[in-house]
Amino acid sequence: MRIGIVGLGLIGGSLGLDLRQRGHHVVGVSRQAQTIALAEELGVADQAWPDCGRLQDREVVFVCTPTEHVLPTIQILSTVLEFGTVITDVASVKGSIVPSAESLWSAFVGGHPMAGTEQQGIRAARPLLFERRPYVLTPTRRTATEALERVEFLVKDLGANLYRMDPDLHDLSVARISHLPVFVSAALLLNLASADDRQAEQLASSGFYDTTRVGGGNPQLGESMARWNRAALLNELKHYRKTLDRFEKAIERSDWATVTELLAASRDLRTRVFPAQDEYC
Ligand code: NAP
């Protein structure tokens with residue numbers, strides 16, 4: 001297929017690597033000369049350009065910019081693309097993007113690949129990032145079947161696990177399993193910072209590394225999660241505080257049976273959510 005990718009960072013670059021590997025022709029768009037040069041060197045795109053005009057003949061265009069630039073980018077694309085091109089995005093929020101995107105371009109399909117690392121930029125792009133990971137598409141009543149099928153074909157070609165969800169329900173779910181953890185993990189790091197305990201920093205090992213990975217990532221990404229999924233995230237933060245309170249109260253009371261019960265319930269849930277844990281190592 002003839003593919004376009006706007007925004008050649010971690011996600012856009014990784015998509016480019018895999019789509020090219022599977023025989024698709026990829027044209028990338030980046031604002032920076034250095035990224036454009038690297039795109040061809042790293043194999044992220046067959047060609048890369050500084051403007052969207054070169055995407056005119058593409059069958060599918062992925063918008064992989066930071067969330068706040070998704071709608072302005074679709075606005076620009078709507079002035080250059082041929083009728084029939086399908087636009088899809090990868091932003092981690094959908095409810096505040098999909099209706100406006102559909103108004104700008106009728107052949108729009110909202111998307112969110114549930115995969116990433118704590119790095120950013122084109123040099124962070126890596127092959128097989130999406131393989132066996134969830135990839136959510138958020139079609140609505142306005143989504144044309146042919147547009148949806150075209151994006152679904154590519155998602156399956158990436159080896160990802162395809163899910164279809166309502167945009168608002170997607171946002172509630174990702175607030176729980178993706179956005180809240182970023183802030184909990186960041187709070188763990190800030191908790192260490194406020195203690196100003198260099199010795200503890202030296203003792204930090206695999207456990208602290210695992211629990212702080214997402215809190216040590218791209219700050220712009222976390223900010224857009226909070227800004228664009230604000231209500232759902234606030235709700236999850238309140239709920240999470242109540243769960244922490246249950247631990248605090250049980251420990252205050254030296255109620256070790258409750259502490260053990262809560263930890264056993266959390267272990268069981270983790271085993272259910274990640275039955276094959278080594279997949280994520
Ligand atoms: P990233 O590594 O920072 O890449 C974003 C790229 O977009 C940048 O490299 C930048 O490239 C380009 N860009 C920035 N502003 C732009 C603009 N105004 N117009 C055009 N291009 C612009 O970020 P990312 O992690 O790939 O995130 C991109 C999208 O993926 C976000 O919407 C995010 O919500 C979503 N997402 C991220 C993850 C994750 O874990 N990282 C997971 C799933 C979805 P140039 O400076 O070269 O133009």
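Go through segment 91-128 residue by residue and tally those that are crowded, with 17+ Cβ neighbours inside 10 Å and of a type in the set (K, R).
Residues meeting the conditions: 1.
Any residue in segment 38-63 that is free of Cβ contacts under 8 Å to residues at least 40 places away in the same chain and over 19 Å from Q21 (Cβ atoms) sitting within a Cβ distance under 9 Å of a residue that is basic (K, R) and surrounded by fewer than 16 Cβ atoms within 10 Å (Cβ to Cβ)? List the pairs, counting only those 6 or more apart or interchain.
From residues that are free of Cβ contacts under 8 Å to residues at least 40 places away in the same chain and over 19 Å from Q21 (Cβ atoms), the pairs are P50/R31.
Could you check, for segment 60-72, whether at least one of its residues is modelled with pLDDT under 95 and farther than 21 Å from P134 by Cβ? Write out each step before concluding.
Pass one, segment 60-72, residues modelled with pLDDT under 95: none.
The answer is no, given that none of the residues of segment 60-72 is modelled with pLDDT under 95 and farther than 21 Å from P134 by Cβ.
Looking at segment 209-222, which of its residues are closer than 18 Å to L188 by Cβ, within 11 Å of the ligand (Cβ to nearest atom) and in a helix (DSSP H, G or I)?
Taking segment 209-222 first, the residues closer than 18 Å to L188 by Cβ are 209-219, 221-222.
From the residues that got through so far, the ones that are within 11 Å of the ligand (Cβ to nearest atom) too are 213-214, 217-219, 221-222.
Residues satisfying the conditions are V214, P219, L221, G222.
For segment 152-188, give me the residue count where each residue is more than 22 Å from L129 (Cβ to Cβ) and among the aliphatic types (A, V, I, L, M).
Residues in segment 152-188 being more than 22 Å from L129 (Cβ to Cβ) and among the aliphatic types (A, V, I, L, M): 8 in total.
Give T212, T258 a once-over and let me know the one that is surrounded by 12 or more Cβ atoms within 10 Å (Cβ to Cβ) and touching a Leu at 6+ places or on another chain (Cβ under 6 Å).
Numbers: T258 fails: touching a Leu at 6+ places or on another chain (Cβ under 6 Å).
Just a single option satisfies the conditions, and that option is T212.
I'd like the full set of residues that are within 8 Å of the ligand (Cβ to nearest atom) and either touching a residue at least 24 places away in the same chain (Cβ under 8 Å) or in a strand (DSSP E or B) (or both), limited to segment 15-33. Before the answer, list the steps.
Step one: of segment 15-33, the residues within 8 Å of the ligand (Cβ to nearest atom) are 29-32.
Within segment 15-33, V29, S30 meet the criteria.
What is the one condition in (1) touching a Ser or Thr at 6+ places or on another chain (Cβ under 7 Å); (2) touching a residue at least 60 places away in the same chain (Cβ under 8 Å); (3) not in a helix (DSSP H, G or I) that G95 does not satisfy?
For G95, the failing item is (1).
Give the number of residues within segment 78-107 that are more than 15 Å from the ligand (Cβ to nearest atom) and among the hydrophobic types (A, V, I, L, M, F, W, C).
The total comes to 6.
Restricting attention to segment 108-137, report how many residues are under 17 Å from G159 (Cβ atoms) and within 14 Å of the ligand (Cβ to nearest atom).
Within segment 108-137, residues that are under 17 Å from G159 (Cβ atoms) and within 14 Å of the ligand (Cβ to nearest atom) number 15.
Is segment 177-184 home to any residue that is within 21 Å of G121 (Cβ to Cβ), in contact (Cβ under 8 Å) with a residue 60 or more places away in the chain and either out of contact with any Lys or Arg (no Cβ under 9 Å at 6 or more places or on another chain) or part of a helix (DSSP H, G or I) (or both)?
First, the residues of segment 177-184 that are within 21 Å of G121 (Cβ to Cβ): 178, 182.
Still in the list and also in contact (Cβ under 8 Å) with a residue 60 or more places away in the chain: 178.
Still in the running and either out of contact with any Lys or Arg (no Cβ under 9 Å at 6 or more places or on another chain) or part of a helix (DSSP H, G or I) (or both): 178.
The answer is yes; a qualifying residue exists.
For segment 129-143, state whether one or more residues are touching a strand residue (DSSP E or B) at 6+ places or on another chain (Cβ under 9 Å), surrounded by fewer than 21 Cβ atoms within 10 Å (Cβ to Cβ) and within 19 Å of Q21 (Cβ to Cβ).
Yes, some residue in segment 129-143 is touching a strand residue (DSSP E or B) at 6+ places or on another chain (Cβ under 9 Å), surrounded by fewer than 21 Cβ atoms within 10 Å (Cβ to Cβ) and within 19 Å of Q21 (Cβ to Cβ).
Within segment 146-163, can one find any residue that is modelled with pLDDT of 95 or more, within 15 Å of the ligand (Cβ to nearest atom) and under 20 Å from M225 (Cα atoms)?
no
Can you pull out every residue in segment 24-36 that is farther than 17 Å from D57 by Cα and out of contact with any Ser or Thr (no Cβ under 8 Å at 6 or more places or on another chain)?
Quick first cut of segment 24-36, residues farther than 17 Å from D57 by Cα only: 30-36.
Matches in segment 24-36: S30, R31, Q32, A33, Q34, T35.
When you scan segment 115-126, how many residues do you find that are in contact with a Ser or Thr (Cβ under 7 Å, 6 or more places away or on another chain) and assigned to a loop (DSSP other than H, G, I, E, B)? Reasoning before the result, please.
As a first pass, look at segment 115-126 and keep what is in contact with a Ser or Thr (Cβ under 7 Å, 6 or more places away or on another chain): 122, 124-126.
So of that shortlist, the ones also assigned to a loop (DSSP other than H, G, I, E, B) come out as 125-126.
Result for segment 115-126: 2.
For segment 53-77, enumerate the residues that are in contact with a strand residue (DSSP E or B) (Cβ under 7 Å, 6 or more places away or on another chain) and within 15 Å of the ligand (Cβ to nearest atom). Talk me through it step by step, then tell me what you get.
Kept after step one, since they are in contact with a strand residue (DSSP E or B) (Cβ under 7 Å, 6 or more places away or on another chain), are these residues of segment 53-77: 54-55, 57-65, 70, 73-74, 77.
Passing the criteria: R54, L55, V61, F62, V63, C64, T65, V70, T73, I74, L77.
Any chance segment 220-228 includes a residue that's of a type in the set (D, E), surrounded by 11 or more Cβ atoms within 10 Å (Cβ to Cβ) and within 15 Å of the chain's Cα centre (by Cα)? Full working, then the answer.
Of segment 220-228, the ones of a type in the set (D, E) are 223.
Cutting the leftovers down to surrounded by 11 or more Cβ atoms within 10 Å (Cβ to Cβ) gives us 223.
Checking which are within 15 Å of the chain's Cα centre (by Cα) leaves us with 223.
Within segment 220-228 (the criterion being of a type in the set (D, E), surrounded by 11 or more Cβ atoms within 10 Å (Cβ to Cβ) and within 15 Å of the chain's Cα centre (by Cα)), the answer is yes, since at least one residue qualifies.
The values are calculated or read from the model by the stated rules, or taken from the named source; none is laboratory data. Remember, predicted model here, so these are calculated numbers, not experimental data. Here the Cβ is made from the backbone with ideal geometry for all residues, glycine too, and neighbour counts use every protein chain on show.
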